[in-house]
Each structure stands twice: as structure tokens, then as C-alpha cells.
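First up is the structure itself, then whatever we jot down about it.
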Amino acid sequence: MYEWIAKHHQVLSVCASLGSVIIWVVYAQLLYLGFRRQRSPRLIINRGRNKDINALCLISNMSAESVFIEYIIAKLETSEGVITMDVTDFEQDYNEGDEDDQKRTGSSDKPLSMSVKENTRQGPIEPGGFIHIGTFCELIQRLARSEGIQMETDAPEGNLEFHRLTLRLIGIYGPENMPIGAERSFDFKASESHFGLIPTSWDTKQLASMWQRRQLRKSVETLNATDFSSSSSFQRADREQGVDNRSAAEQASRAGR
């Protein structure tokens, strides 16, 4: 045995060196993965309390540090177009003069910070914390009102159909300068008794790669520069029919001449 070791000691030495290198590489990889997992931001968008359209829309921060929510963008895909809206703020507005009024009258029962929180969803979410932004039904009705869509309880009137609701979050993670994001979509499922929501994926899509964060930064710059509140490619069938009727009438008039 000793003679065999002495005869092959050079080969054994090389094998031992290679084994040590492999062990250190694996150990370094595990350390890197653990560090990356702790430093990676993670936001979760989910349903709460119910599974249908009346469920609460929950936003959870599963990151190691706080995340400041800057924008919440909702996109409603329908059979007649797409409606996109910034739903970060509530529909009731906070006026700049409220602070001065509170100082002059001293009649407010709540501090100003609470008044601001009641008017916007913008703000930090602590690690392991969560907020809700109302029910999905409230979000859908808000998007529908922006385009004058008439609703029958939870469903749109007429032949209009809702296909998908997508929520996108844009925020700042801890001390980092580049924004991060998260996105999740929910499909509508109509039944006789209720209007259901089905997630299109089992998890929330994280927008945290360098390319995605650059795109989010451009989106934030555009939102800030244009004072974006809503946009739409929504076209009602009756409007299109009216345009077609006018075009046909014009053509008939020209033919008569």
C-alpha cells in the first residue's frame, strides 16, 4: 500500500488539488447564491379574503429591505380595446391647502400623515409587510368609469367582455438607484353566480434584471414627464358603427351628385 502511494504520489497530489478546487468553487457558489437571494427584491401580488372579483388585491414585500412603491399601473384588456391607468392614488384628491387649514383651525382629528396615507398608495413597505389596494372589483370599476363603460354589478353591460387584468408595480429597493418592478395578470372567468379571477401564472413576475430595470427607469421618466393618469385603445362598437354609417352616407351623397 505504501509502495503504491509512493509510486503514484504525483497523481494523488494532482487529484487532491483538483478536489480542493472543486470544493472551494462549490462553496463560493453557495455563498454567492445565498447573498444574491438575500439581496434580490421580491414583491408578491395576490388575492386575499376571496378568490373572485371581490377579493382584496394584496401587495407583499418578501425582500430583505424595504421597498418604496412609486407607481401602480393597472391594465384592463377587453373585447374592444385596452384601458391603462395609474391607480397609485385614490380617486379622492389630497389638496395642498389641507396642511395650512389644519394649522389654522386645529379641527382635524387625524394627523396630516394619516390624511396623506388615505389618499395615496405610494410609500414604503417594510420587509415581510403588506398592503392592500382595495378590491379587484373597485379597480375594475374605476377603469370602466374612465371610459364611460356601464356596469351591471360586477360585469359590463351589453356585449362587452373583460378578458384580463394586469397589475404592474414600480418601486425603489433599499439604497439602490435603479427601480425594480413586479407584474401579475388575472384572467376573468364568468359564471352564473359570480365573476371569478384566475391568475395566469403561479407566481408574480419579478422585473429585476438590469435590462428590465433600465426599461422601468425609462417608464418612470415618461410617467413623470407626461403627468400620466390613463390611456386607452378602447373603441366601442357603437362608435365604430356610427363612423361606418357616416362614411356610407358620405359615399352615397357623393354618388348622387
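Values quoted throughout were computed directly from the atomic coordinates according to the rules given, and no laboratory measurement underlies them. Computed from a predicted structure; not experimentally measured. Using ideal geometry, Cβ is built from the backbone for each residue, glycine included, and neighbour counts are taken over all protein chains shown.
Suppose R0 equals 35 Å. What FRET efficiency, 1/(1 + (r/R0)^6) with r the Cβ-Cβ distance, do W211 and L12 give to the nearest 0.05?
Computed FRET efficiency for W211 and L12 comes out at 0.15.
Kindly rank 77-88, 16-27 from highest to lowest mean number of other beta carbons found within 10 Å of each residue.
Highest-to-lowest ranking by the protection proxy: 77-88, 16-27.
For region 156-219, run through the GluC sites (Glu not before Pro) and keep only the ones in DSSP coil with at most 11 other Cβ atoms within 10 Å of their Cβ.
Passing sites in region 156-219 are E157, E192.
What spacing in nm lies between the two simple spin-label points modelled at R164 and A28, each 7 Å away from Cα in the Cβ direction?
4.2
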